[in-house]
Amino acid sequence: MTVPILNASGCLDALVAPDVARSLDVFVTKTITPEPRRGNPPVRIAETDHGMLNSIGLQGPGIDTFVAEHLPRLAELGTTLWVSVGGFSAEDFRRCCDELEGDERVAAIELNLSCPNVEEAPETAAELVAAARATTSKTLYAKLSPAQWDVAAAARAVVDAGADGLSLVNTIRGLALDPATMTPRLGLQLGGYSGPALKPVALACVHACAAAVDVPIVGMGGVRSGLDALELVAAGASAVALGTVLFADPFAPARVRAELGAEVAARRHAIPSTALKTPLSR
């Protein structure tokens with residue numbers, strides 16, 4: 001049994017750490033928006049006892065510069081490439097997907113429908129997926145937020161709208177206070193919470209969505225070990241993404257892959273027969 005290992009979008013700069021990117025089965029870019037963005041004011045990252053808060057705010061060069069300058073360098077890495085796209089309206093998602101349509105360097109597009117650090121688009125997640133689907137034939141993965149009571153209903157809606165797979169889960173909104181001043185440690189006060197404490201939330205979402213839709217799921221949230229990865233597979237994931245762990249351990253992809261193999265061998269009869277029943281790309 002082979003479980004693809006990806007990075008969570010925004011948790012690895014492949015051009016700064018190309019060897020780490022090459023150790024992944026799939027590299028997922030930071031979320032790209034139609035226009036350049038400076039992102040949120042500092043402070044943007046704060047460590048917590050059991051994870052990390054970030055408030056980057058979709059900083060990036062914009063889709064035109066990304067395609068012209070960044071994409072050629074990423075393609076040279078030789079790793080399967082997914083591009084994460086985002087925005088503030090259905091038109092933003094449509095424009096980004098249109099720019100990537102027909103580009104053979106891009107294996108799939110991940111739609112960031114759930115960034116907690118920016119204002120939300122007025123359209124529903126399903127409407128954003130439909131706008132993307134109307135302009136591209138590429139494999140589309142919808143990245144959903146865990147901050148909703150019925151994530152399975154959201155999964156059904158985005159799959160009905162044209163998503164080929166799901167990325168579960170994005171960060172969840174959190175707050176950290178400075179112990180001396182009792183004021184927020186992030187410049188924007190709130191941020192996206194990730195790390196080990198997110199794993200039970202991710203497991204619940206993957207489990208619910210795997211029961212609701214028949215598409216591949218990339219599970220992510222708190223993965224630090226092969227056992228963490230195996231739990232997501234047992235819950236219904238087809239692949240696993242590493243996020244916060246990459247900030248501390250650049251060798252995590254190879255280590256988690258090896259640990260996962262050992263865990264599978266030790267529990268061979270306990271692995272769900274439905275694991276990896278669907279490929280990551282069409």
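The values are calculated or read from the model by the stated rules, or taken from the named source; none is laboratory data. Keep in mind that what you see is a predicted model, and the values were worked out from it rather than measured. A quick note on method: Cβ atoms are made from the backbone with ideal geometry, for glycine too, and the neighbour counts reach across all protein chains shown. Ligands, DNA and RNA are excluded from the accessible area calculation, which covers all protein heavy atoms including side chains. Shrake-Rupley method; radii C 1.70, N 1.55, O 1.52, S 1.80 Å.
Points worth noting:
- Only residues that are closer than 18 Å to Arg257 by Cα, open to solvent by less than 10 Å² (accessible area, probe 1.4 Å) and assigned to a helix (DSSP H, G or I) were counted across region 203-229, and they come to 2.
- Screening region 251-282 for residues that are among the hydrophobic types (A, V, I, L, M, F, W, C) and open to solvent by less than 50 Å² (accessible area, probe 1.4 Å) and picking the one that is modelled with the lowest pLDDT gives Ala275.
- Filter pass, Leu186 being at pLDDT 95 or above, under 17 Å from the mean Cα position of the chain (by Cα) and not hydroxyl-bearing (Ser, Thr, Tyr): no
- Taken as a whole, the condition of being modelled with pLDDT of 95 or more and closer than 23 Å to Ala241 by Cβ applies to Ala142.
- Residue in region 124-146 that is most open to solvent (accessible area, probe 1.4 Å), counting only those that are part of a loop (DSSP other than H, G, I, E, B) and touching a helix residue (DSSP H, G or I) at 6+ places or on another chain (Cβ under 9 Å): Ala134
- Region 61-87, residues that are touching a residue at least 40 places away in the same chain (Cβ under 8 Å) and either surrounded by fewer than 17 Cβ atoms within 10 Å (Cβ to Cβ) or part of a helix (DSSP H, G or I) (or both): His70, Arg73, Leu74, Leu77, Gly78
- Exclusive hit being within 17 Å of the chain's Cα centre (by Cα) and part of a strand (DSSP E or B), set Leu58, Leu53: Leu53
- Residue list for region 231-246, filter: open to solvent by 10 Å² or more (accessible area, probe 1.4 Å) and more than 15 Å from the chain's Cα centre (by Cα): Glu231, Ala234, Ala235, Gly236
- When we screen Pro200, Pro196 for residues that are surrounded by fewer than 24 Cβ atoms within 10 Å (Cβ to Cβ) and in contact (Cβ under 8 Å) with a residue 40 or more places away in the chain, the only hit is Pro196.
- Search result, residues across region 1-43 that are of a type outside the set (A, V, I, L, M, F, W, C), assigned to a loop (DSSP other than H, G, I, E, B) and open to solvent by 60 Å² or more (accessible area, probe 1.4 Å): Thr2, Asp13, Asp25, Lys30, Glu35, Pro36, Arg38, Pro41, Pro42
- Once region 75-122 is narrowed to residues that are polar (S, T, N, Q) and more than 19 Å from Gly57 (Cα to Cα), the residue that is farthest from the chain's Cα centre (by Cα) is Thr79.
- Checking each residue in region 165-189 for being among the aliphatic types (A, V, I, L, M), farther than 30 Å from Ala126 by Cα and open to solvent by less than 50 Å² (accessible area, probe 1.4 Å) picks out Ala176, Leu186.
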